[in-house]
Amino acid sequence: MEKFTTLTSRAIPLDIANVDTDQIIPARFLKATDKKGFGDNVFRDWRYNKDGSENSKFSLNNTDYSGSILVAGDNFGCGSSREHAAWALVGYGFKVIVSSFFADIFKGNALNNGLLPVQVSKAYLKHLISEVNADPNVKIKVNLHEQQISISSSKRFENFNIDPYKKTCMINGYDDIDYLLSKKKTIEAFENAVD
Amino acid sequence: MSKKTLFDKVWDAHVVDSIENGPQILYIDKHLIHEVTSPQAFNELEDRGIAVFRPNQIVATADHNTPTENQHLPIKDLQSRNQLEQLSTNCKKNNITLYELGHKYNGIVHVMAPELGFTQPGMTMVCGDSHTSTHGAFGTIAFGIGTSQVAQVFASQCLLLTKPKSLRVTVNGKLKNGVLPKDVILYIISKLGTNSGTGYFCEYAGDVFENMTMEGRMTVCNMSIEMGARGGMIAPDQTTFDYVKGREYAPKGDDFDKKAAYWKTLPTDEGAIFDKEYAFDAEDIEPMITYGTNPGMGIKISENIPNNKDASFVKSLEYMNFEAGESLINKQINYVFIGSCTNSRIEDFRVAAKYIKGKQKADNVTAWLVPGSKQVETQIITEGLKDIFDAAGFELRQPGCSACLAMNDDKIPQGEYCVSTSNRNFEGRQGQGSRTILASPLVAAATAIAGKIIDVTENIETLEFA
C-alpha cells in the first residue's frame, strides 16, 4: 500500500448526497479479475451521456477543476461492499475524499487502498465546496500527522478523526494482512481454546 | 455481571486479541465467497505467497454473474465466463467447497448458505457482499466486507475491527393483512433514513419479528445495510432452531442439543443498554413502495410522494421522472422482478402464487421470477407453483442475483420502471437508465397482474397474507 502523510492539491467538487457505490462504479464493470482499469469507468453513467458523449455538466469533465481531492456530499459510498469503488477512485487519481459522512464499508475499503477519507463537519464541507466553486485553483492541504485539513484561500481549517491504528498503517504503508499474519500463533491458540 | 446484548455476547466470544487504542482481532467462523469479489483476494495471497489458512471454513457459490437461462450451456459473455472459471480454479487450487453453476445446491450466497445449514446462531460470518447482513436473522454476526478483507480472512480467518455501537429497533403489535416483512423493513428505513445505522449493529426486537418465519427475518436483516448498519440481528428462538435442525450442514444429534443449549443463552439480557433505540407500532405499517433512488425514499403505497427542496431529492425525482406530491397508484409498469437475496425464498413465491392463482398477467408486463437457489427452484416446481405462474404468463427463470444488479443479461431497459422485490433502487442499478421501485413480492405480483401500481390492500379481502 502507498504511504500517505500530507497532500496539497486542487479539488474537484461533487456536491451530491448519498453517492452510492453503484454510481462510483456500475455493476457491469465488475467482471474484471484484477484491480486495473477501473479508473476509466469511475462515475461512468454520470460522466457520459446516453449517446456515449461526455456530459460537460459533470464536474469531473469540467476542465476548470482538477486535482487528487474529491469533495463530495453527505453519506458518500453507501450501498454495495464492492472494493472496486475504491480501486476506481484511486485508479482515476484521487488520493483523498472529503465528505461530511462516509458509509462504513466504503471507508474501510478506502483506507485499505491508501485512499484517505476525510470526514469534516457539514458547515466546513459547505464552505469548502463554495470556496472551490468560487475559485477552482484554490489549494486544499491535508495533513495526516496533524489530522488537519485547510484551505489556502480562506485559511479555514478543521481537524478530522481517524482510527489511530489506521493512521499508522496509512503513514507507513502497512496493511492488515501483515499484522494478522504476525498474530498467527495467538489465532491458533484461540481456535484450540474454543474447540 | 453486566447486562449484555445479543451482539455483545456473540462479538465477545470471538475476540482473539485487542490492539491497545486500536481495533480488535475478530475470529470469523464462516466465510462465504462468490465470483465477483474474490478473484483479486486470491491474487493477493498468491502474490504474497500465502496459503489459505482455513479452507474448510469457506463456502463458495457462483451467483452475481450467472445467466438465468440455459445454465447448461457455456456462458456467452466472455468476461463473465472467465470470472466463473477463475472461481472454479481458485477453489480447486485451495481446497474450497464450491457450489458452481448447475450444482443442485447452487444459488445466491445468502439463500443457499442458510438453506444448507451453514448459517447457525452465535456465529461470525462474512462475505464480500453487503447483504451478508441477511444471516443475522439467525442471531449471527454477519456482515459484508471488501476484497482486501476477503484476503485477510483467507490469510488468517480473522479481521481487524473496531466494535460497532449498538442500535435496537423494536416493532410491536399485529401487522395488517398484506403487510409483509419487506414492508416492515422498507417502513423502518423510510423512517430512519439511509445512514442512521452507520457505525452500528442493529438488533430487531418485538413481537413482529418474534412472529416472523426465518424467511421473513432474513428479508428484514438483509436490508439492514440500506440504513447504513453493517448488520442486523434477531434473537434465536424455537423458530430458528426448527429451521436449522436437520439441514445438511447443521449439527446433528447430541451436538445439536449442546449447541441449541448455548444458542438459548444468546438473547439480549433484560435491561441491557443500547447506544440508540427506536420503536414503531406494527399497526402503522402498510404495503410500501419506493419513489426515489435510495431505499430510504419509501412511502406507504396509498401515500403521495413528499415535497422536499433538497437538491439531491430533486435530482432523484428527476431521474425517476416523478413529481413531488403525486401518487404512484395507476402508474403503468412494464417490468416486474421477483427475486434477489431479499425476496427469492420459497415463502416469497408462495405469496406471489397465492395472489396470482387464477389471474392473468397484464399484456404490457414482462414478469421475471428468479428463485434464490436450485433448491427453491425445485420446491417451486414440486409445490405446483410453477403451474400457477406458467398459466398466468409469468416467466420462471433459473437461480441467481439476476436483475437485482443486472450484471448478467437480465437488464431493465433505459427509462423503464421495474417494480422489484430487490434491495436497491439506485440509479441504473437494474440496467443503465432503469428506474427501480422497491416493493414486497405481494405488491410486485399485484403490479404484474394489473399492469400498473395498485393499492393491493383493496384487492386481498378474500386472501390471507401474514
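The values are calculated or read from the model by the stated rules, or taken from the named source; none is laboratory data. The model shown is predicted, which means the values in this text are computed figures rather than measured ones. Note that each Cβ is placed from the backbone with ideal geometry, even for glycine, and that neighbours are counted across all protein chains shown. The accessibility values were calculated without ligands, DNA or RNA, using every heavy atom of the protein model including side chains. Shrake-Rupley method; radii C 1.70, N 1.55, O 1.52, S 1.80 Å.
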Completion exercise
Counting only residues that are among the basic types (Lys, Arg), within 23 Å of the chain's Cα centre (by Cα) and not in a helix (DSSP H, G or I), the stretch A:156-195 contains a total of 1
Exercise for the section: Any chance you could count how many residues in the stretch A:14-31 are facing chain B (nearest Cβ under 7 Å) and without any contact (Cβ under 8 Å) to a residue 60 or more places away in the chain? Expected result: 9
Handout entry: Candidate set: the stretch A:80-110, residues that are buried (at least 24 other Cβ atoms within 10 Å of the Cβ) and β-branched (Val, Ile, Thr); chosen: the one nearest to the other protein chains (Cβ to nearest Cβ)
Key = A:105
Fill in the blank from the handout: Every listed condition ((1) open to solvent by 20 Å² or more (accessible area, probe 1.4 Å); (2) within 7 Å of another protein chain (Cβ to nearest Cβ)) holds for residue A:3 save (2)
Exercise for the section: Kindly indicate whether residue B:79 is open to solvent by 10 Å² or more (accessible area, probe 1.4 Å), touching a Ser or Thr at 6+ places or on another chain (Cβ under 9 Å) and farther than 22 Å from residue B:53 by Cα. Expected result: yes
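What residue, among those in the stretch B:1-20 that are part of a loop (DSSP other than H, G, I, E, B) and in contact with a Phe, Trp or Tyr (Cβ under 8 Å, 6 or more places away or on another chain), is nearest to residue A:113 (Cα to Cα)?
B:19
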Problem - Criterion: in contact with a helix residue (DSSP H, G or I) (Cβ under 6 Å, 6 or more places away or on another chain), touching a residue at least 60 places away in the same chain (Cβ under 8 Å) and either open to solvent by 30 Å² or more (accessible area, probe 1.4 Å) or in a loop (DSSP other than H, G, I, E, B) (or both) - qualifying residue of B:270, B:248, B:215 - result: B:215
Completion exercise
Residue pairs within 9 Å by beta carbon, gap of at least six or interchain, first lying in the stretch A:155-172 and polar (S, T, N, Q), second part of a strand (DSSP E or B) and open to solvent by 40 Å² or more (accessible area, probe 1.4 Å), listed first then second, are A:159/A:148; A:161/A:119
Completion exercise
When the stretch A:130-147 is checked residue by residue, the ones that are under 18 Å from residue A:102 (Cβ atoms) and either out of contact with any helix residue (DSSP H, G or I) (no Cβ under 8 Å at 6 or more places or on another chain) or at pLDDT below 95 (or both) are A:142
Completion exercise
Selection from the stretch B:138-179 of residues among the hydrophobic types (A, V, I, L, M, F, W, C), more than 14 Å from chain A (Cβ to nearest Cβ) and open to solvent by 10 Å² or more (accessible area, probe 1.4 Å) yields B:175
Handout entry: Sole exception among (1) outside any loop (DSSP other than H, G, I, E, B); (2) in contact with a Ser or Thr (Cβ under 8 Å, 6 or more places away or on another chain); (3) away from every other protein chain (no Cβ under 14 Å); (4) farther than 28 Å from residue B:264 by Cβ for residue B:185, by number
Key = (4)
Exercise for the section: Sort out which residues of the stretch A:171-181 are more than 8 Å from chain B (Cβ to nearest Cβ) and modelled with pLDDT under 95, and write them in order of number. Expected result: A:172, A:173, A:174, A:178
Practice task
Would you point out the residue of the stretch B:24-33, among those that are β-branched (Val, Ile, Thr) and either out of contact with any Cys (no Cβ under 7 Å at 6 or more places or on another chain) or within 12 Å of residue B:127 (Cβ to Cβ) (or both), that is surrounded by the most Cβ atoms within 10 Å (Cβ to Cβ)?
Solution key: B:33
Exercise for the section: Take the residues in the stretch B:391-427 that are touching a strand residue (DSSP E or B) at 6+ places or on another chain (Cβ under 9 Å) and small (Gly, Ala, Ser), then tell me which one is surrounded by the fewest Cβ atoms within 10 Å (Cβ to Cβ). Expected result: B:415
Handout entry: Meets criteria (within 27 Å of residue B:457 (Cβ to Cβ) and in contact with a Phe, Trp or Tyr (Cβ under 9 Å, 6 or more places away or on another chain)) for residue B:278
Key = no
Exercise for the section: Using the structure shown, decide if residue A:77 is more than 28 Å from residue B:75 (Cβ to Cβ) and open to solvent by less than 10 Å² (accessible area, probe 1.4 Å). Expected result: yes
Fill in the blank from the handout: Of those in the stretch B:21-33 that are facing chain A (nearest Cβ under 9 Å) and either not aromatic (Phe, Trp, Tyr) or not in a strand (DSSP E or B) (or both), the residue farthest from the chain's Cα centre (by Cα) is B:21
Exercise for the section: Please go through the stretch B:276-319 and pick out each residue that is buried (at least 18 other Cβ atoms within 10 Å of the Cβ), out of contact with any Gly (no Cβ under 6 Å at 6 or more places or on another chain), at pLDDT 95 or above and assigned to a helix (DSSP H, G or I). Expected result: B:313, B:317
Exercise for the section: Quick one: in the stretch B:218-230, of everything that is within 14 Å of chain A (Cβ to nearest Cβ) and part of a helix (DSSP H, G or I), which residue is farthest from residue B:278 (Cα to Cα)? Expected result: B:222
Completion exercise
Exception for residue A:113 within (1) in a helix (DSSP H, G or I); (2) at pLDDT 95 or above; (3) open to solvent by less than 50 Å² (accessible area, probe 1.4 Å); (4) within 14 Å of chain B (Cβ to nearest Cβ) falls at (1)
Fill in the blank from the handout: Per the filter on the stretch B:114-134, residues open to solvent by less than 10 Å² (accessible area, probe 1.4 Å) and within 14 Å of chain A (Cβ to nearest Cβ) are B:122, B:124, B:125, B:126, B:127, B:128, B:130, B:131, B:132, B:133, B:134
Practice task
Residues being under 18 Å from the mean Cα position of the chain (by Cα) and not polar (S, T, N, Q): count how many of those fall in the stretch B:382-417.
Solution key: 8
Problem - Selection status of residue B:89, out of contact with any strand residue (DSSP E or B) (no Cβ under 9 Å at 6 or more places or on another chain), within 11 Å of chain A (Cβ to nearest Cβ) and buried (at least 24 other Cβ atoms within 10 Å of the Cβ) - result: no
Practice task
Confirm whether residue B:36 is at pLDDT 95 or above, outside any helix (DSSP H, G or I) and either surrounded by fewer than 20 Cβ atoms within 10 Å (Cβ to Cβ) or within 12 Å of another protein chain (Cβ to nearest Cβ) (or both).
Solution key: yes
Practice task
Quickly run through the stretch B:430-458 and pick out the residues that are within 14 Å of another protein chain (Cβ to nearest Cβ) and within 14 Å of residue B:291 (Cα to Cα).
Solution key: B:434, B:435, B:436, B:438
Handout entry: Qualifying positions in the stretch B:188-207 - in a helix (DSSP H, G or I) and open to solvent by 10 Å² or more (accessible area, probe 1.4 Å)
Key = B:190, B:191, B:192, B:207
Fill in the blank from the handout: Considering the stretch A:32-54, residues that are closer than 16 Å to residue B:406 by Cα and open to solvent by 30 Å² or more (accessible area, probe 1.4 Å), and then whichever is farthest from the other protein chains (Cβ to nearest Cβ), we arrive at A:44
